[in-house]
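Report on one structure; see the data block that follows.
The values are calculated or read from the model by the stated rules, or taken from the named source; none is laboratory data. Quantities reported herein were computed from a predicted structural model and do not represent experimental measurements. For neighbour counting, all protein chains shown are included, and Cβ atoms are generated from backbone atoms with ideal geometry for every residue, glycine included.
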Ligand code: HEC
């Protein structure tokens, strides 16, 4: 190996080490907060609910765990973290309603609005309700959302 070549390799090796150390340092300084959504459901409940959710094509309209059917573009609310604002009983009543729009009015046409799931077996509705109630969101995310919304609407810097 020529001397010039060796120096180039050494320089590259040093740069790589510096970059790796710097990245590691940055991660300690600013840890990735990660996905703010989580569930308190048992694995058994999750699996049971997931089957019902898929069988009824909820993901044609809703996002959950950042996943939805890209072919359907319905402006339905995302279900991530929804259990932070409503409880199991509310979900059960909503899914059991012959006309869910009596509970939650809609601005959408019949094709897009929330369909009634009153025809599902009671056990399925209970499972879905329990699962939806288990979908939570970390406090820091709510705080971030509030802050972003405040700054967007007022154009002012948010202070606590
Ligand atoms: C055809 C589209 C569509 C399908 C399929 C659908 N939804 Fe909805 N859903 C909506 C829309 C739109 C809303 C908002 C209310 C409205 O416009 O009727 C909604 C509202 C909801 C809400 C209330 C959200 C809130 O803000 O409180 C829940 C919970 C929900 N859906 C769960 C489900 C579940 C679980 C399934 C599957 C069993 C499902 N949805 C299937 C369109 C749909």
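A few notes on this one:
- Residue in region 94-107 that is touching a helix residue (DSSP H, G or I) at 6+ places or on another chain (Cβ under 8 Å), closer than 21 Å to residue 65 by Cβ and either within 9 Å of the ligand (Cβ to nearest atom) or assigned to a loop (DSSP other than H, G, I, E, B) (or both) present: yes
- Comparison of 44, 89 shows that the only residue that is loosely packed, with under 10 Cβ neighbours inside 10 Å, assigned to a helix (DSSP H, G or I) and more than 10 Å from the ligand (Cβ to nearest atom) is 44.
- Residue check: residue 27 meets all listed conditions (1) more than 25 Å from residue 139 (Cα to Cα); (2) at pLDDT below 85 but one, namely (1).
- Per this entry, residue 150 is not counted among residues that are farther than 19 Å from residue 74 by Cβ, within 11 Å of the ligand (Cβ to nearest atom) and either surrounded by 17 or more Cβ atoms within 10 Å (Cβ to Cβ) or free of Cβ contacts under 8 Å to residues at least 24 places away in the same chain (or both).
- Extreme residue, nearest to residue 114 (Cα to Cα), among residues of region 62-84 that are within 14 Å of the chain's Cα centre (by Cα) and near the ligand (Cβ under 7 Å from one of its atoms): 76
- Residue check for residue 26: away from the ligand (no atom under 11 Å from the Cβ), in the same structural domain as residue 132 (by TED's automatic domain parsing) and either assigned to a helix (DSSP H, G or I) or out of contact with any strand residue (DSSP E or B) (no Cβ under 9 Å at 6 or more places or on another chain) (or both): no
- Residue within region 2-11 that is without any contact (Cβ under 8 Å) to a residue 60 or more places away in the chain and in a loop (DSSP other than H, G, I, E, B) present: yes
- If you go through region 52-61 and keep only what is near the ligand (Cβ under 8 Å from one of its atoms) and under 18 Å from residue 118 (Cβ atoms), you end up with 52, 53, 56, 57, 58, 61.
- Taken over region 112-125, residues that are free of Cβ contacts under 8 Å to residues at least 24 places away in the same chain and within 7 Å of the ligand (Cβ to nearest atom) amount to 2.
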